[in-house]
Every structure is written in C-alpha cells, then in structure tokens.
Amino acid sequence: MHVSLYELDQTLLKAVLQEWGQPAFRAKQLYKQLYSQLASDPQQMTDLPQKLRDELSSRAAIGNLTCVREQTADDGLTRKVLWSLPGGAVVESVLMIYPPDRATVCVSTQAGCAMGCVFCATGKLGLLRNIETGEIIEQVIFFERYLRQHAAELSHRLDVPIPDHITNLVFMGMGEPFANYDRWWRAVERLNDQQGFNLGARHMTVSTVGLVQGIRRLADEGLQINLAVSLHAPNNALRSALMPVNDRFDIDDLLDAVRYYIERTNRRVSFEYVLLEGKNDTPELAAQLGALLKGMLCHVNLIPWNPVPGTPLERSHRERVLAFQQGVQAAGVPCTVRVERGVEIAAACGQLAAIPSPTSPIELHAR
Ligand code: SF4
C-alpha cells in the first residue's frame, strides 16, 4: 500500500525513511519539499538522491485527493475545487482572492455533516466521513501552488496586485471541524509549523456550530486561532428549531465556553448569523441578540442566506438585513454584513454540498 506523505508528520516521515535505509536528515529535506517547495511529484525533489526519488515514486503518494472539477467566478478571484476522496465521497474547497493583499482558502474538514442545520446544503447529506489530516492539508497546498504559478498572470489580466501565497485560512467548508478535532488539529499544527507551511495562527479561523468541548479545547491549545461561532438565533427555542445541536449545548453553555476562549486567548470572537426572511431577522430578535452579546469581545457577521434547493426558507430582503444590522449595533455590538463571493458557482457561504454532477451547481456549506 502507498504511504500518503501529507498524512505523516516529521517524526513519522523519519521513521518511514529510516525503514527504507535513509539517514534521518532526509526527512527534513522531504518535509521542506512538501511544505515549502510544494513538490507535486517526487522527481521534482532534486535535492534528494535519484534512488530515493524513485522509491518515493513507487512506494508513496504525495496526496490522496483527486481534483474532479474546478470552477471560477468573480473574474477569476473566486476559485472552487471539487475533490474526490478515496472511498468515493466528494468535498469542496474555495480560494477567495481580495486584492491587493489577501488570499483566503475555505477548507473542508468532513465530507457531509451530522449536525443537520435546517438551512444548510451540507447538513442535508448527513456525515459521509471525516477528512484525514493529510487531505485537509492538501486542499491548502493545492491553492498555494495555484497562487505561486498564476498570481502574476492574474494580476496582469485584472491590473491589480494579487498575493502569490495564501494569507488566510478559514475552516468553514463542509463539516464541523470540532467533530473531527484530532485530525483537524494535526493539520493546523503542520500548517502553522515554522518548518512546515508556516502560516501564523492569527491568520486561521475555525468556525463551529457550537460544540462547547471543542471551544474549550481550542482555548487551551495555546495557539491564537480565531474562533467563529454559528449562532443564527438569540434564544433557545428558535435556535433549536434551526440547529438541532442547540438541544445538546444551549446558548448559556455555548456562551460560557466562548467567554472561556476569550479569557484564555484575548481574541475577539465572531458570531455568524445567517438571515432567513421572517424566521430570525425581525427587529425584536436583533434587539435580543444585541442584549445577549453586549459587552463581550465579539462582533456579529450577518450572512445573507444562499438558497438551498428543497428548503422552504427565503433569503432576507436587503432592507431587513440593514435594519437587523442597525438593531444589533444599537446595543453597542459591532455588526457587519458579509460580502458575498462566488454565488454564481455556488461557492458562497451556506452552499457547499459537493454534488458531483457537471450540470448541477455545487452547493457550499452554510455558516
Ligand atoms: S451549517 Fe455547518 S454544522 Fe450546520 S449542518 Fe451545515 S456544515 Fe454542518
């Protein structure tokens, strides 16, 4: 069986190479090839001896993911990729470039999702499987390679500066990261590792539906990763109707865990709030939300909902979105409306469902 190299940390790479009769320092070279040089083929690793390159070609795979389809939108500034995983499940990731200096990748951590939020395309699939550590990393490496190779050309075509590397990661693709905590965390460590991908923790954001044990665990990790919490309602009755997870961890439990995270990290938390016409977007609920979060080191990110086929819900009208924003701000809570990207290729927030038909739009996840 082939070893998948992005599944292995430096210690495991060393063990494998030693088993193959290689000196320990080769692991460091290989690690650098994978995370800094971004080699996509062992034969590109010219600092390794030919014999080892051949052995890697025959006994190892650089990664597990197969790119099934790429789509672009927003004049090439949004790029969505559909991946097929071993075993047949498909997942998606999205690159969003914000000239002149930001390039964010939205990464998936599970194929499907077990959380069942009623407004979410991914939730309709149920959980198909967890995404392995190496498969999480591969989604990032793919777009880093893309930017290195294409930033100059894109910049020339659009006549704006385009970063030639990823500046931010958001774990907001398909799935609930904290339901796959260990695999996700090992990916974060390697993406953050100075000898690895070397992206600062403050440039990473994880979004959770509100698994309080995950929030507390993250708070204790000692890395300043940003936290986004999907709230979507300011009271338990409404939140339970929209998000079954609220029956396990209600708003009080959730906010206790969030306060703990703030206390430990001193980082500002984002509360995500998808606006659904007539459901959770009234002035009374805006005032309730403002009162709930008043005084907390946080801000509210309002997300205009992107329709999911087969769901009897509607997107809030623009005036209601703005009125809701003002209602929250009136309590002194910072509140913004998310700028939409990739709607025409269903790469917008709340639409990822990885439907692998070339004729039907792929739907992105809903946080
Ligand atoms: S919103 Fe997030 S947590 Fe809820 S079902 Fe969708 S993917 Fe899962």
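Table for the structure above
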item: Accessible-area value, Glu70, 1.4 Å probe, nucleic acids and ligands omitted, Å²; result: 80 Å²
item: Rotationally averaged projected area of the range 142-181 (alpha carbon convex hull; nm²); result: 3.7 nm²
item: Separation of alpha-carbon centers, the range 288-333 and the range 194-214, rounded to whole Å; result: 24 Å
item: Cα-based Lys proximity count in the chain, under 25 Å, for pairs eight or more positions apart or on separate chains; result: 8
item: Area accessible to solvent at Asp247, 1.4 Å probe radius, in Å²; result: 120 Å²
item: Solvent exposure of the chain as accessible area per residue, Å², 1.4 Å probe; result: 41 Å²
item: Translational diffusion coefficient (Stokes-Einstein; Kirkwood radius from C-alpha pairs) of the range 84-206 at 10 °C, 1.306 mPa s, in µm²/s; result: 105 µm²/s
item: Percentage of interatomic Cα-Cα distances in the range 102-157 larger than 18 Å; result: 51 percent
item: Accessible area in the full protein assembly, largest first, 1.4 Å probe, for Ser108, Ser36; result: Ser36, Ser108
item: Two-site FRET efficiency, Asp193 against Glu70, from Cβ-Cβ distance with R₀ of 25 Å, rounded to 0.05; result: 0.35
item: Percent carbon-and-sulfur accessible area, the chain, ignoring ligands, DNA and RNA, probe 1.4 Å; result: 50 percent
item: Gyration tensor over alpha-carbon atoms, the chain, equivalent ellipsoid semi-axes in Å; result: 37, 22, 19
item: For the range 3-61, projected area of the alpha-carbon convex hull averaged over all directions, nm²; result: 3.3 nm²
item: Estimated inter-spin distance, Val160 and Arg268, nm [label 7 Å along Cα→Cβ]; result: 2.3 nm
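The values are calculated or read from the model by the stated rules, or taken from the named source; none is laboratory data. This is a predicted model, so every value here is computed, not measured. Don't worry about glycine lacking a Cβ; one is built from the backbone with ideal geometry, like all the others, and counts go over all protein chains shown. Ligands, DNA and RNA are excluded from the accessible area calculation, which covers all protein heavy atoms including side chains. Shrake-Rupley method; radii C 1.70, N 1.55, O 1.52, S 1.80 Å.
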